[in-house]
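> Starting off with a structure, shown below.
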């Protein structure tokens, strides 16, 4: 198993999917998971969450935000804003 | 209503019973042989000079998984050798550095990050077992050695993006809509767990703002379903109350509030105290009062510093020895009775005193003092607040997050400013002492000076500085703290009638709802509702030595009505004016229930106040939202 070089999965989840997936990962992989904070929601149309996780189930990075109907621009600007950089040259294209 | 808890032993400092002895010294790094460095220029200079990646361990003194990692992964010889030879190891206490937590925490604690020597994130995970850590460190070293230039190029792109964002034109301001509050309520109702109380499935965390919103909005809008959501959650989450010492654990793994994580945090006690007192005020149910006192018992016995009266940050879940090895795990320990617990030792208390969480506790104490008729709480809160302002507040540098050897550390953290501001305004409401309002205003002005975003509105989480390292260089405007800031400035407007505070609140709220980030829905709903809903004014008219007017005043303070403002007017002191209302005096003590623009007919008996409040709310329901 390789941690840095395995393919990563890049997913878009709705809010509820996100919560259940995180909890499932916690259960399946015995991961330690801290507070996921209060209930989050959007006044725009859609809550999105990108989870990037390895085959062992560790969530490497997550980006979350809200999208409007024409939300692609907002999505990319959000990722720029989030600015927590995950760098792996071989996987970079899958993220952006 | 039946609470599912049996209190096996009740002892109380307030009742003069024995106070258990706790150790108040917790150091990070017990059980680990890693040579940890602090976050700072020394560590970063070494990373640069030695051209090494940084391993950042974001940990917490109360964190069970962190202790385990110290005893396993960070005690593993192969891990130690790899770290020693190829990495700069930095350890950060999450409570000490909320600014770093905001930028480097992912998932929970510990957050284990590999950073470039300049602080950009290469990889993140939580707990890692020794063999996984060995693999990670080996591969990261190979990756860095072989693709260093490419990695650095991508890091540069990050800073380019930050720069471009900083140069963007002013964002359009989104209008605030009162429907946002009802929209928040709809989302809360969708997430509510009707079987177990609380929100979502599992794990179950406290959602204090959701309960505040459920009770408050339900009260104003006469929404019984919402009120019951709040009350049932308060009832069910009592499963997380320690039956022996009182105080609430941090969270439960299961949806039915079972399988607690046993660490106890100061802020969780403060938020819960406020909510149980609210529920007591609202329902008159003595069980809520009882739970409130169980929280106070714990805080006074375990988290109160006997020397200064201030409050310690947390109590660990496990009983550990001097080397950090777990002697008794929390799950076992907290199932014991008091005598057996004593025989096994005590979980350590983190004796650090942080500004924000101390402000939370004073805010809750001030609120509880009136409702529970415990003036000692008011005295305690004022003692702490006065000390905090005197020792930690410098208008130019801002508040310090903590004091170490009489020297302030980490100035100008937004969260500290807002929480202390809230506590100071609560102190003014409760005592009427203008000094607290003046201190609150000075703090609010300092916050604007240091942290406000002049271009787009809202507040950054910490001051910008050329000395900032790593991701601290990224300007961040956290939604939660900004919503709380808007509430603080709105309250300042209501207390002072100065329009610039209202404008700051509006600009801040607009900047929050204008961003594409998900928002804490209960909190934003509450803030928007406060923005559109005029606070209830209760004006008590009577001579200062008039017993009847003092009874009216006491009852006015007791009434449950979030955001209410209570003032006493003496007819001998000239015109009695509040907002646009001038009050008459017909020779006998009276109380008026008003907004800033309208009043109902006065009441003369304390027991009539509740009914008159209901009348006012009914009238407002038909006109406001």
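Rule-based calculations on the coordinates, nothing more; no lab input. All figures in this text were calculated on a predicted structure; none of them were measured in a lab. When we count neighbours, we look across all protein chains shown, and the Cβ atoms used for this are built from the backbone with ideal geometry, even at glycine.
> So what's the projected area for region B:537-621, the Cα convex hull averaged over all directions, in nm²? Display every interim value, and only then the final one.
Values: hull surface 20.4 nm².
Mean orientational projected area (region B:537-621, Cα hull): 5.1 nm².
> I've got another one for you. In whole Å, largest first, what are the principal axis extents of the Cα atoms in chain B?
For chain B, the Cα extents along the three principal axes come out at 86, 65, 48 Å.
> Okay, next question. What 222 nm value per residue comes from the helices of chain B, counting each DSSP H run with n ≥ 4 as -39,500 (n - 2.57) and dividing by all residues, nearest 500 deg cm²/dmol?
On the way: 21 runs with 296 residues, N = 625.
Estimated from H runs of four or more residues: -15500 deg cm²/dmol.
> While we're looking at this one, here's another question. Out of all DSSP beta bridges with both ends in chain B, state the antiparallel percent to the nearest 5. Walk me through the intermediate numbers first.
Details: 38 of 51 bridges.
Bridges in chain B that DSSP calls antiparallel: roughly 75 percent.
> I'd like the distance separating the alpha-carbon centroids of region B:366-397 and region B:112-170, in whole Å.
43
> Give the Rg/Rh ratio for region B:275-385, taking Rg as the radius of gyration of the Cα atoms and Rh as the Kirkwood radius, to two decimals.
Working: Rg = 16.1 Å, Rh = 15.5 Å.
Here the Rg-to-Rh quotient is 1.03.
> Of all DSSP beta bridges in region B:41-167, what percent run antiparallel (nearest 5)?
Counting only bridges with both partners in region B:41-167, antiparallel ones make up about 55 percent.
> While we're here: Across region B:143-266, how large is the tail of the calculated P(r) beyond 20 Å, expressed as a percent of all Cα pairs? All intermediate terms of the calculation are to be shown ahead of the outcome.
On the way: 4706 of 7626 pairs.
Here the long-distance tail beyond 20 Å is 62 percent of all Cα pairs in region B:143-266.
> Percent of alpha carbon pairs in region B:41-167 separated by more than 27 Å? Before the final figure, lay out the partial values.
Numbers: 1404 of 8001 pairs.
Result: 18 percent of Cα pairs exceed 27 Å.
> By count of other Cβ within 10 Å, fewest leading, how are B:355, B:42, B:595, B:283 ordered? Could you put the intermediate results ahead of the total?
Details: B:355 26, B:42 12, B:595 19, B:283 16.
Ranked by crowding around the Cβ, least crowded first: B:42, B:283, B:595, B:355.
> Right, here's the next one. What order do you get for B:266, B:559 when you list them from fewest to most C-beta neighbours inside 10 Å?
Ordered from fewest to most neighbouring Cβ atoms within 10 Å, B:266, B:559 come out as B:559, B:266.
> Further question: Would you mind ranking B:567, B:618 so that the residue whose beta carbon has the fewest other beta carbons within 10 Å leads the list?
Numbers: B:567 16, B:618 10.
The most exposed by this proxy come first: B:618, B:567.
> Shape verdict for region B:335-471, please, from the Cα gyration tensor: rounded (a/c under 1.5), prolate (a/b greater than b/c) or oblate. Let's see the in-between values first.
Numbers: a/c = 2.39, a/b = 1.34, b/c = 1.78.
Because a/c hits 1.5 or more and a/b fails to exceed b/c, region B:335-471 counts as oblate.
> Determine the gain in length on full extension of the stretch residue B:499-residue B:228; use 0.36 nm per residue of separation and subtract their C-alpha separation, reporting nm with one decimal.
Gain in length upon complete extension: 93.9 nm.
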